[in-house]
Structure formats: C-alpha cells, structure tokens
C-alpha cells in the first residue's frame, strides 16, 4: 500500500497546527511549562518552503525554543533560526530567485536592527542608514511586529 503525503509547501494550512503540536511536545519533554508559540509566528513559518518538511520545521522550532529559554517563541527569534538555515528560494528550474533572497535578507537585517534598538524605530532607522518613513514602510511590507 502506498500513501502519498504532499510536502509542507503544498499544505501550508497545516504548518501552524504542526508547529503548535511540536512546541507542546518540546515543552513536555524538557519541562518548559512557559514554552509557547506567539500567534504572529504562523506567518513567519508559513512563508518558508520547508524543503526538509516536518523534520526541518521541528529542527527550527527546537533551535527557537532553546533561544527562547523555555518562554514564548517570538517571530524575531524564529526568523533568525529559520532564515539562518535557509538557502535562497529556488525556482523549479534550479534558478535562484534574487527578489526573494533580497527580501529575506532585508527582513532579517531590519528585524535585527529593531531588536538591537529595542524597537525604537528612530534608532533602528539610524542603524540602518535609512529614513524613519522608509523604515515604517519596510516594517509594514515585511509584517514585522514587536
């Protein structure tokens, strides 16, 4: 008997359910009663292609849980673990998608600047060398939230 299970990229609606299940398992296994996934994390997780499927999703959540030290996993901590391990998106023909790679890098750098500036947007804009208005537009475009 053969069972076909489509990859996660074809069933993105399952990602938040799987992520919640994995986080609950980790909390139980490691005795982290405060470990939870912030609601905003679903968007971050659903943007990834997950070429390694559930195993890759689990590994990213394990790294994020360790960084969160048993507390709520926030999108910025999750973004660092998923983006650090991700290679640029590839098109079916194997060509690199430059726009996706640039957007991913921009989102990561802006997230780090905001984190470093404790979400003070004026300071983050100075760190990035852009205007506050440009930063506000980029925060909105990338869906970044404190």
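Derivation of every value follows stated rules applied to the coordinates shown; laboratory data play no part. Computed from a predicted structure; not experimentally measured. Reconstructed Cβ throughout: ideal geometry from the backbone, glycine too, with neighbour counts over all protein chains shown.
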task = Let me know the shape class of the chain, please: from the alpha-carbon gyration tensor, a ≥ b ≥ c as square roots of the eigenvalues, rounded when a/c is under 1.5, otherwise prolate if a/b is greater than b/c, or oblate.
result = oblate
query = Can you sort 50, 119 by how many other beta carbons sit within 10 Å, fewest first?
reply = 119, 50
query = Any idea what diffusion coefficient region 96-146 gets from Stokes-Einstein, in µm²/s, Kirkwood Rh on alpha carbon pairs, 4 °C, 1.567 mPa s?
reply = 118 µm²/s
query = What is the chain's relative contact order, in percent, from Cα pairs under 8 angstrom and six or more apart in sequence?
reply = 17 percent
task = Considering only 129, 70, 34, give the residue with the highest GNM mean-square fluctuation for the chain, with springs between Cα atoms whenever their separation is below 10 Å.
result = 129
task = Can you bin region 12-86 into rounded, prolate or oblate? Criterion: square roots of the alpha carbon gyration tensor eigenvalues sorted a ≥ b ≥ c, rounded for a/c under 1.5, prolate for a/b above b/c, oblate for the rest.
result = prolate
query = For labels at residue 20 and residue 121 in the simple 7 Å Cα→Cβ model, what's the distance in nm?
reply = 3.1 nm
message = Please compute the modelled spin-label separation between residue 72 and residue 10, points set 7 Å along Cα→Cβ, answer in nm with one decimal.
response = 3.6 nm
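Report the gain in length on full extension from residue 53 to residue 102: 0.36 nm times residue separation, minus Cα-Cα distance, nm rounded to one decimal.
Details: separation 49, 0.36 × 49 = 17.64 nm, distance 2.34 nm.
Additional length available on full extension: 15.3 nm.
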ask   = Between 128, 45, 37, which gets the highest mean-square fluctuation from a Gaussian network model of the chain, Cα cutoff 10 Å?
value = 128
message = Just to be sure I understand: with springs between alpha-carbon atoms less than 10 Å apart, which residue in 131, 42, 115 has the highest mean-square fluctuation in the Gaussian network model of the chain?
response = 131
ask   = When only Cα pairs under 8 Å and 6 or more residues apart are kept, what is the percent relative contact order across region 96-146?
value = 27 percent
note = Tilt, helix 98-116 to longest principal axis of the chain (alpha-carbon atoms), in degrees rounded to tens, equals 70 degrees
ask   = According to a simple spin-label model (label point 7 Å from Cα along Cα-to-Cβ), what is the distance in nm between residue 137 and residue 1?
value = 5.7 nm
